[in-house]
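Just so it is clear, none of the values below were taken in a lab; they were calculated from the coordinates. A quick note: this is a predicted structure, and the numbers were derived from the prediction, not measured. Counting neighbours? That spans all protein chains shown, and the Cβs are built from the backbone with ideal geometry, glycine included.
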Ligand SMILES: [Zn+2]
C-alpha cells in the first residue's frame, strides 16, 4: 500500500498499543457481551417470552417459537371468513388437519367415534389434484441445438410425449387437497339412532 504519511511504528510493549479499560454493557446468561444491545442480550439469555399481542391472556412461549394461541386465533379468523358451500358429496378434510372423508359413511363413523356432530367439524371441500402436463420442449431445452425447436427431436419422442399428455388429460384425480370453501354438512347424514348414540356418549 502506498501512503504519503509514513506509518507510525508501535511496539507491543508500548502503552499506546493497548491499555486496560472498564467496559459497561449487557451480558447475557451465557456470558456473551452485547454492549448497549439490551434487547438482544435479554433475548439470548431468556428461554421464554410473553405473547407480544396479548401478554396478559396468552401463555408464555419459547423465544425460538411463536404464540400458538395467536396462531390458532388467526387460523380460526381465516376459517370464519371462508366462503360456505352446501356439500354435494365431494371429498372433505378437517380444516388445518389431515383427516379426510371420502364418503358420508366414513364421516358418520368419525362423528360416532369422537362424539361430535358434522356441523361441529370444520370441514373443507376438497379439490382434485391432477398431474401437470409434460412439456417436452422445456424438458429438452438444454440439448436442442441453437435455432432449433422441439421439432428437432425424434418424432417417436414427440409422439410419446403427446400420448403421455393425452393420458394425463384423461386421468382421474390422483389426490385431493382442502380447497377454499367450507362445506355446509347437515347433521342429517347421521341416522336418528346415531345422533342419540352421540348425545348419550356426551352425557356419560
Ligand atoms: Zn398470543
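Annotations for the structure displayed:
- In this entry, the chain is assigned a mean projected area of 29.3 nm², taken as a quarter of its C-alpha convex hull surface.
- Report note on the peptides 183-192, 53-62: ranked by the mean count of other C-beta atoms within 10 Å, highest first, their order is 183-192, 53-62.
- Between 167, 18, 128, the residue with the greatest mean-square fluctuation in the GNM of the chain (Cα pairs under 10 Å linked by springs) is 18.
- Note: relative contact order over the range 83-203, using C-alpha pairs below 8 Å and six or more positions apart, is 41 percent.
- Rounded to 5, percent antiparallel among DSSP beta bridges of the chain: 75
- Prolate/oblate/rounded label for the range 83-203 (Cα gyration tensor, a/c 1.5): prolate
- Computed on the range 1-91, the Cα convex hull volume stands at 318 Å³ per residue.
- Fully extending the segment from residue 50 to residue 96 would add 14.0 nm, taking 0.36 nm per residue of separation and subtracting the current Cα-Cα distance.
- Normalised contact order of the chain, rounded percent, pairs of Cα under 8 Å and 6 or more residues apart: 19
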